[in-house]
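Derivation of every value follows stated rules applied to the coordinates shown; laboratory data play no part. Here the structure is a predicted model, which is why all the values come from computation and not from measurement. As a convention, Cβ positions derive from the backbone with ideal geometry for all residues, glycine included, and neighbour counts pool all protein chains shown.
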Amino acid sequence: MLSYDVVEWGKPLQKAEKATPKPTGTEVLLKLKYCGVCHSDVHIRDGYFDLGGGKRFNMSDRGMNPPVTLGHEPFGTVIAAGPDAKDVPIGQDRLVCPWIGCGKCARCREGMDNHCMAPRWIGIQRPGGYADHLLVPDAKYLVDASGIDPMWAATLSCSGLTTYSAVAQLKPIPRDEWVAVFGAGGLGLMAIEMLKAIGHQRIVVIDIDDRKLEVAKKEGAAATVNGRDPDAAKKLLEAAGGPLYGAVDLVGAADTATLALGALRKGGKLIVVGLYGGEIPVSLVMVVQRAWRIQGSSVGNVAELKEVIAMARAGKIKPIPIEKRPLAEVSRTLDQLKAGSILGRVVAAID
Ligand SMILES: [Zn+2]
Ligand SMILES: [Zn+2]
C-alpha cells in the first residue's frame, strides 16, 4: 500500500510503500477513495499545539512518534474483514468515524468514544487516511453516507461532527435567546448551519475579519460584531438585546473566551471548541454568582455522525465549496492551509 507520512515533525510528508495490512479480530480494511485535508493536520504535522504561556502540547506525548500517517476524514470501499468482525458491508462505500476509543472502558461502552482516555483516533494514534488503504478497528465505526457527495461526507466526519456536537451541548436552546458563534471561518459557518438546522435563528457571529462576517451574514447570522472593535463587548450585548444564553468559541483564544464569558447571562453556557490556545483567569466568585457553565467539546461520536449525515441527506445542512486534489498534493495543501490561502475545503482523491 501507499501512504504519505510525517517522517519528521514540521517537515513535508513523504511517500511510503509498505505491506497492505490484513484485518485481524474485528478489524475491517477499506480501499480509500477520499480523505479530507483538515486544518488541524497543520498543527499535528508540526508536532504540537500551543497551550499558551509558552507551553506546548506535544503529539509525541499523545503516543505519536514518526513515521505516522495523518488524515482523519477517510471515505472508501470496505474490501476485507477479520474473522470476528460483524455486520461488515463488504463491497460497499462507507464513511469512517475516526474518533475511536479503546472499546472497553465505560465511556466507550456507552458510545462516548470521544471521551475515552485511551483513544485510538484514526490519523492520530492510528494510521490515517492519507493512504490508499485503511484499517478500522470495528465495523461499528463505519457510517453509510449514501445519497450525499462522498467528498462532502468526508469533511463532515471532523468539522461537521465537531460543530454539531458542540451546538448539541447548548440544547435545549430557548428560541427567544441569543447564541454567539466566535470565529466565522469554516467551522463558524458550519456552526451556523447546525444552529439553523435545529431551528435556531438568533445567532450573533464575532470575527476580526469583516469579509468573513459578511459571509456569516449571508449564511444566516442575524447579527455580527467585529472582535477588534474597542466596543466589541458592548456591541455584542446590544446586538443580542442583553446578556446571552450561550456561546460557541470556535477560536479558543484568550480574547474570544474572555469576550464570550463576559457576555453570558446568569446560567449561561460557554462551549469551547477551538484549539488556538492560551489561558484566561476565571473568577471563581463570578462562576458561582453568574452560575456560568464552561464546557469543552472535543469532536463527537459515531451516533452523532450518523445524525449529521441524516441531516445532510435531508437537506437540512448545505454543502460547502470543496476542491478535489490528488493525494500526492496533500503536503502542498497543508502548506497552503497553514498560510491561510485555501477557501472552503480540500479533499484528497485517492486512486
Ligand atoms: Zn479535523
Ligand atoms: Zn475507552
Going by amide H atoms built from the backbone, whose H comes under 5 Å of the H on Thr224, apart from near neighbours?
Val205
Among DSSP beta bridges whose residues both lie in the chain, state the antiparallel percentage, nearest 5.
55
Can you pull the one-decimal nm distance between simple spin-label points at Lys218 and Asp61, each 7 Å off the Cα toward Cβ?
4.1
Could you tell me the convex hull volume per residue, in Å³, taken over the Cα atoms of region 177-315?
111
For Lys324, go through the lysines and keep the ones whose alpha-carbon is under 26 Å away, minus same-chain ones fewer than eight residues off.
Lys11, Lys15, Lys18, Lys31, Lys33, Lys212, Lys218, Lys306, Lys316, Lys338
Just name one of Met112, Ala145, Thr162: the one whose Cα is farthest towards the positive end of the charge dipole of region 101-184 (beta-carbon charges, Lys/Arg +1, Asp/Glu -1).
Met112
Using a Gaussian network model of the chain with C-alpha springs under 10 Å, which one of Gly241, Gly54, Gly315 is most mobile by mean-square fluctuation?
Gly54
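Among Ile192, Ile203, which comes first, then next, by fewest other beta-carbon atoms within 10 Å? All intermediate terms of the calculation are to be shown ahead of the outcome.
Details: Ile192 28, Ile203 22.
By the 10 Å Cβ count, ascending, the order reads Ile203, Ile192.
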Ranking of Arg109, Arg202 by count of other Cβ atoms within 10 Å, fewest first:
Arg109, Arg202
What Kirkwood Rh does the chain have if only Cα atoms enter the pairwise 1/r average? Answer in Å.
20.8
Phi-derived 3J(HN,Hα) across region 104-120 with the Karplus relation (6.51, -1.76, 1.60, θ = phi - 60°), rounded Hz, x for Gly and Pro, is 10, 6, 4, 4, 5, 5, 8, x, 9, 3, 5, 9, 5, 8, 10, x, 10
Residue span Ala168 to Val7: 0.36 nm per residue of separation minus Cα-Cα distance leaves a gain in nm of 54.2 nm
Between region 142-207 and region 266-329, the alpha-carbon center distance in angstrom
8
Please sort 58-71, 286-299 by packing, taking for each peptide the average over its residues of neighbouring beta carbons within 10 angstrom, highest first.
58-71, 286-299
What number, rounded to the nearest 500 deg cm²/dmol, is the helix-based mean residue ellipticity at 222 nm of the chain, given -39500 (n - 2.57) per DSSP H run of at least four residues and division by all its residues?
-7500 deg cm²/dmol
Checking the a/c ratio against 1.5 first, then a/b against b/c, what shape does the Cα gyration tensor give for region 45-139?
oblate
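May I ask you to compute the full-extension gain from Met286 to Arg325, defined as 0.36 nm times their residue separation minus their alpha-carbon distance, rounded to one decimal in nm? Before the final figure, lay out the partial values.
On the way: separation 39, 0.36 × 39 = 14.04 nm, distance 4.94 nm.
Extra length available between Met286 and Arg325 comes to 9.1 nm.
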Mind sorting Leu2, Leu161, Leu264 by how few other Cβ atoms lie within 10 Å of their own Cβ, fewest first?
Leu2, Leu264, Leu161
So for the pair Ala310, Ile90, with labels modelled 7 Å out along Cα→Cβ, what separation do we get in nm?
3.0
Residues whose modelled amide H sits under 5 Å from the amide H of Val272, counting only those 5 or more places away in sequence or on another chain, are Asp249, Gln295, Gly296, Ser297
Radius of gyration and Dmax over the Cα atoms of region 1-160, both given in Å:
15.5, 50
Anyone know which of Ser146, Ser159, Ser331 comes out most mobile in the 10 Å Cα GNM of the chain?
Ser146
